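Single-structure report; data block below.
The values are calculated or read from the model by the stated rules, or taken from the named source; none is laboratory data. Given the structure is predicted, the values throughout are model-derived calculations rather than measurements. Every residue, glycine among them, receives a Cβ derived from its backbone with ideal geometry; neighbour counts consider all protein chains shown. Please note that ligands, DNA and RNA were not included when accessible areas were found on the heavy atoms of the full protein model with its side chains. Shrake-Rupley method; radii C 1.70, N 1.55, O 1.52, S 1.80 Å.
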Amino acid sequence: MSKDLYVIAEQRDGEIAKVTFELLGEATVLAADLNEKVYAVLMGDKIKDKSQELIEAGADGVIVVEDPMLAEYVTEPYAKALTAVIKNYDPNIVLFGATSIGRDLAPRVAARVHTGLTADCTHLDIDMNKYFDFLHATSTADTASIEKRLGMDDKTLKMTRPAFGGNVMATIRCADYRPQMATVRPGVMKKIAPQAGKQGTVEEFKVEFTAADMNVDIKEVVKDTKKAVDITEAKVLVSGGRGIGSPEFYQELKKVADLLGGEISSSRANVDAGWIERDRQVGQTGKTVRPELYMACGISGAIQHIAGMENSECVIAINKNDTAAIFEVSDLGIVGDVKVIIPKLVEALDKYKA
Ligand code: FAD
C-alpha cells in the first residue's frame, strides 16, 4: 500500500533550496494527519553529507541517490532516478518546489509512474471528512483498525491552486492513483525550526545509468553575475503599483525601504510597463511573500496581487481611492496621495533615525 510523504530535496552546487525546507515543514503537518512518515529524496553527486540538514528540518529519513550523472540537473537522468525511487518505495505523496527544476521534473515523473500532478499549489490539506464520519459512527479509538477498513481515497490530499487567471481557487484531489503529486510555490509554506541533532535514517538507493541516459552535453555552466534580489527573504517590503505614477518614484520608495531595512517590490502592472525588474513582482505570477511588514503604495489589490502577499504579518496600504480592494487585506489603511505621503514618511523616519 502506498505510504509516506516524499519531499524532493532540490539542490544546486550542494546547496539545498529554501523551498525544500518549507516543503519539509508542511509535510510534517500533513504526515501527522496521515500518521505517516516524511522522507526527503536527495539526488546529486557526493551529496550524502547534506542528509542531516534535511533530517533536522523535519525529515524522518533521507533516500540518497548519488551518481556523477546527477552532478548537474539534467532532465533525463533525474527523471530516471526519481521514477526508480517512486517505483521502489511506493510513496503516498510526492512534493516538489514549483521552481524551474521542480516544474521540469515533476510532470515527466508523473507521466512515467502514471499518476496525476497538481502544479503551482498554494495550499495543501488532508481530507479527513470520511475518516471522522467513520470514527463517529464506530465510536472507537482504535485508529489502526479504522485505517485498515478505510480505502486509500479516504484521506486524500487536497491540493489548492489558483485557476482561471486567479479568479477562483481550485481544490484538486487525485483519488485513484498514487502517488499524489504536487508542486508548491516557494515562499508559501512555512519551514519549522531546525531540531539540532535529530536522528533519522539515511538510505542509499542505487540507480543503474547508461551513457544513453545523458542525452544532453553540458559544455559550460554560466552563472548569472547580476546579484539577484530575493524579495521572499525581506522582512520589510515597500511595494509600488501603478498609482506611484512613474518609475522614478521607486527611488522614494527605496528611501523608505532603506530606512526600514527592507526592499522594494512591485505589482505586475509596473513590471509589464518596464518600470522595475520582474524578480521584484509580487503575486500569482510573481513571488509569494510573507514579510513582517508589507507596504502597498498605489496598488489596487487585484486578486492576483493579493494571492502573493496576503500572508504578510502586517499590511499598510496607501491609496487615494477609499474603496480600493487592498484595504480589505490591510491592517492599516491610509487614504491619500502616495506622492505626498511617502516624502513625508521619509522625512519622519529620517528624523526618528537621527
Ligand atoms: P491598478 O489596478 O491600475 O491600480 C492602481 C491603484 O493606484 C488604484 O487603486 C488607484 O486608486 C491607486 N492610485 C492612483 N494614483 C494614486 C496616488 N497618487 N496615490 C495613491 N493611490 C493612487 N498582478 C500582480 O500584481 N501580480 C501578479 O502576479 C499578477 N498576476 C496576474 C496573472 C494573471 C493571469 C492576470 C490576468 C493578471 C495578473 N496580475 C497580477 C494583474 C492584476 O490583475 C492587476 O492588473 C494588477 O495587479 C494591477 O496593478 P496595480 O494595482 O499596480 O494597478
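Is it the case that residue 228 is away from the ligand (no atom under 16 Å from the Cβ), open to solvent by 40 Å² or more (accessible area, probe 1.4 Å), closer than 29 Å to residue 318 by Cβ and outside any strand (DSSP E or B)? Judged against the criteria, residue 228 is a match. Residues of region 176-197 that are surrounded by 14 or more Cβ atoms within 10 Å (Cβ to Cβ) and farther than 24 Å from residue 232 by Cα: 177, 178, 179, 180, 181.
Only one of these is outside any loop (DSSP other than H, G, I, E, B) and under 22 Å from the mean Cα position of the chain (by Cα): 259, 253, 237. Name it. None of the others qualify; the one that does is 237. Residues that are farther than 26 Å from residue 173 by Cα number at least 1 in the following strands (runs of 3 or more DSSP E) confined to region 17-120: 38-44, 61-66.
Among the residues of region 287-309, those that are more than 12 Å from the ligand (Cβ to nearest atom) and surrounded by fewer than 21 Cβ atoms within 10 Å (Cβ to Cβ) comprise 290, 292, 293.
Every listed requirement among (1) out of contact with any Leu (no Cβ under 7 Å at 6 or more places or on another chain); (2) near the ligand (Cβ under 9 Å from one of its atoms) is met by residue 240 save one, (1). Evaluated against (1) more than 21 Å from residue 78 (Cβ to Cβ); (2) open to solvent by 50 Å² or more (accessible area, probe 1.4 Å); (3) of a type in the set (Ser, Thr, Tyr), residue 210 falls short on exactly one condition, (1). Looking at region 316-323, is at least one residue within 22 Å of the chain's Cα centre (by Cα) and surrounded by 14 or more Cβ atoms within 10 Å (Cβ to Cβ)? No, region 316-323 contains no residue that is within 22 Å of the chain's Cα centre (by Cα) and surrounded by 14 or more Cβ atoms within 10 Å (Cβ to Cβ).
Are any residues in region 249-270 away from the ligand (no atom under 14 Å from the Cβ) and at negative phi, and if so, which ones? Matches in region 249-270: 251, 254, 255, 256, 257, 258, 259, 260, 262, 263. How about region 43-98: which of its residues are of a type in the set (Phe, Trp, Tyr), in contact with a Ser or Thr (Cβ under 6 Å, 6 or more places away or on another chain) and either without any contact (Cβ under 8 Å) to a residue 24 or more places away in the chain or open to solvent by 10 Å² or more (accessible area, probe 1.4 Å) (or both)? Once the filter is applied, which keeps residues that are of a type in the set (Phe, Trp, Tyr), in contact with a Ser or Thr (Cβ under 6 Å, 6 or more places away or on another chain) and either without any contact (Cβ under 8 Å) to a residue 24 or more places away in the chain or open to solvent by 10 Å² or more (accessible area, probe 1.4 Å) (or both), region 43-98 yields nothing. Here region 303-354 is the region considered, the condition is being among the charged types (D, E, K, R), outside any loop (DSSP other than H, G, I, E, B) and out of contact with any helix residue (DSSP H, G or I) (no Cβ under 8 Å at 6 or more places or on another chain), and the residue that is nearest to residue 290 (Cα to Cα) is 328. Among the residues of region 154-205, write down those that are more than 16 Å from the ligand (Cβ to nearest atom), free of Cβ contacts under 8 Å to residues at least 40 places away in the same chain and part of a loop (DSSP other than H, G, I, E, B). Within region 154-205, 156, 175, 176, 193 meet the criteria.
Going through region 274-286 one residue at a time, which ones are more than 6 Å from the ligand (Cβ to nearest atom), open to solvent by 20 Å² or more (accessible area, probe 1.4 Å) and touching a strand residue (DSSP E or B) at 6+ places or on another chain (Cβ under 6 Å)? Scanning region 274-286 gives a single hit, 280. Report, by residue number, each residue of region 234-260 that is touching a residue at least 12 places away in the same chain (Cβ under 8 Å) and open to solvent by 60 Å² or more (accessible area, probe 1.4 Å). 235, 242, 254, 255, 260, listed by residue number. Restricted to region 310-328, and to residues there that are β-branched (Val, Ile, Thr) and under 29 Å from residue 191 (Cα atoms), the residue that is nearest to the ligand (Cβ to nearest atom) is 326.
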